[in-house]
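The values are calculated or read from the model by the stated rules, or taken from the named source; none is laboratory data. Values in this document were obtained by computation on a predicted structure and should not be read as measured data. Cβ: placed from backbone, ideal geometry, glycine included. Neighbour counts: every protein chain shown. To get the accessible areas, we keep the full protein, side chains included, count just its heavy atoms, and leave off ligands, DNA and RNA. Shrake-Rupley method; radii C 1.70, N 1.55, O 1.52, S 1.80 Å.
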Amino acid sequence: MGAPGRRGKVVGMSAQPVNHHADHPGFSGVVGATIGLELLLTGRPVARLAADLADVAPGDHVVDIGCGPGNAVRKAAHRGARATGVDPAPVMLRLARLVTRVGGIDWREGTAESVPLADGAATVWWSLATVHHWKDVAGGLREAHRVLAPGGRLLALERQVRPGAKGFASHGWTREQADAFAEHCREAGFTEARVTGHRAGLRNFWAVRALRA
Ligand SMILES: C[S@@+](CC[C@H](N)C(=O)[O-])C[C@H]1O[C@@H](n2cnc3c(N)ncnc32)[C@H](O)[C@@H]1O
């Protein structure tokens, strides 16, 4: 079964934890900028999916954890919400600022495990294609619970991947990992945690949604 400590839950004997790419070195330099550009060009369908699933509306404050170049942050702002994009990689935040034309957005350096927002500041917390990189799953969910106001909505989206996939094809979750993350959410005090499958652009995604009681 799963290793104790900061790794996410492991469900089956051969399964991976939900943060199976926690040892990723991070995004910086020319490689980081190139990946940021690719995310910028390909990320609009999943940004739209996030805004639809979280039912973003004027009056919301959306915090996007691991916002990368910011497609989903801008989508939230275009729907009339205030939005805060949080990412540990300065290269991603520079790119996000450079291409943003809509108002109502803050960009902040931070991580899932240390979110630079006050208690109860957000009504929506989401993290797109990022939980698989977190260092500390329980710590990230503690922060999600802290920054969400009571009744706030949590949404994690990860690309669907096959068990045993290697390299880039493994950057996402199997169904088992999505279920394991939903269980982490329950353990962190969230209610109504559920997993659903969705298509966005050319890819399939797992969505984990839950409520902050
Ligand atoms: C695959 S990119 C996805 C970016 C963006 N969410 C999107 O869908 O375009 C993963 C992002 O997670 C960020 N990241 C890595 N570790 C993180 C952590 N512990 N907390 C928050 N973000 C993290 C990376 O810097 C990167 O921007």
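More than 10 Å from the ligand (Cβ to nearest atom), in contact (Cβ under 8 Å) with a residue 60 or more places away in the chain and more than 24 Å from Ala149 (Cα to Cα): does that describe Pro45? Outline the logic, then answer.
Numbers: more than 10 Å from the ligand (Cβ to nearest atom): yes; in contact (Cβ under 8 Å) with a residue 60 or more places away in the chain: yes; more than 24 Å from Ala149 (Cα to Cα): yes.
The answer is yes for Pro45.
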Which one of the conditions (1) open to solvent by 10 Å² or more (accessible area, probe 1.4 Å); (2) more than 22 Å from Glu143 (Cα to Cα) does Asp55 fail to meet, given that it meets all the rest? (2)
Checking Ala33 against (1) in a strand (DSSP E or B); (2) among the small types (Gly, Ala, Ser); (3) over 17 Å from the mean Cα position of the chain (by Cα), the condition it does not meet: (1)
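Looking at Glu187, Glu109, which one is open to solvent by 30 Å² or more (accessible area, probe 1.4 Å) and either among the β-branched types (Val, Ile, Thr) or away from the ligand (no atom under 14 Å from the Cβ) (or both)? Don't jump to the end; show me each part of the working.
Working: Glu109 fails: either among the β-branched types (Val, Ile, Thr) or away from the ligand (no atom under 14 Å from the Cβ) (or both).
Testing whether each residue is open to solvent by 30 Å² or more (accessible area, probe 1.4 Å) and either among the β-branched types (Val, Ile, Thr) or away from the ligand (no atom under 14 Å from the Cβ) (or both) leaves just Glu187.
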Identify the residue in the range 58-75 that is open to solvent by 10 Å² or more (accessible area, probe 1.4 Å) and in a helix (DSSP H, G or I) and, among all such residues, is nearest to the ligand (Cβ to nearest atom). Asn71
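Which ones in the range 138-166 are more than 14 Å from the ligand (Cβ to nearest atom), small (Gly, Ala, Ser) and open to solvent by 20 Å² or more (accessible area, probe 1.4 Å)? Spell out the reasoning first.
Step one: filter the range 138-166 for residues more than 14 Å from the ligand (Cβ to nearest atom), giving 145-146, 148-154, 160, 162-166.
Adding the requirement that they be small (Gly, Ala, Ser) leaves 149, 151-152, 164-165.
Passing the criteria: Ala149, Gly151, Gly164, Ala165.
Taking Arg94 as the residue in question, decide whether it is within 13 Å of the ligand (Cβ to nearest atom) and more than 30 Å from Ala213 (Cβ to Cβ).
yes
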Of all residues in the range 76-89, which are open to solvent by 60 Å² or more (accessible area, probe 1.4 Å) and within 12 Å of the ligand (Cβ to nearest atom)? Pro88
